[in-house]
Amino acid sequence: MTGSRPLWIAALLLVGAAGAFWGAGSVPLALLSLASVAAVVALSGVARRILGVLLVAVGVAAAFTGHWLAIAGGVLVAGSGVLQVALGARMPKIGVGGQKTRTRDQETDMWRALERGDDPTDDKAPGGASSNE
């Protein structure tokens, strides 16, 4: 699996875990799972893998609480953690892919040169005109 699919799967597993923990009455674990959704989307590379290892540990610990919903939540959290450890480096990080390159606007450059105190019509100035007269 490549692209953003593993990222969405990891996030959905954490949302499901939050619901399971909430139903089991483990509100702190539910809030931790929801916060982990934001963390898995925002982090990348090694930091995402470290988060995955921590989530596996939390999931295993939560699975031993005894309540069947908490066990299900622990399995979901651990599954998300395993996915992040295994594929965390290939998952995209936040903001990648949606950014466009800026085109240079000559008029805006001229106004910025004026704001700096440069003469935008001077060829020697950093923001100066480049046409030969």
Here is a check on your reading of the model: is ALA78 without any contact (Cβ under 8 Å) to a residue 24 or more places away in the chain and surrounded by 17 or more Cβ atoms within 10 Å (Cβ to Cβ)?
yes
Could you list, in sequence order, the residues of the range 32-84 that are over 15 Å from TRP22 (Cβ atoms) and aromatic (Phe, Trp, Tyr)?
PHE64
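Coordinate-derived values only; no laboratory data. Source: prediction; values computed, not measured. Cβ sites come from the backbone with ideal geometry, for glycine too, and all protein chains shown count toward neighbours.
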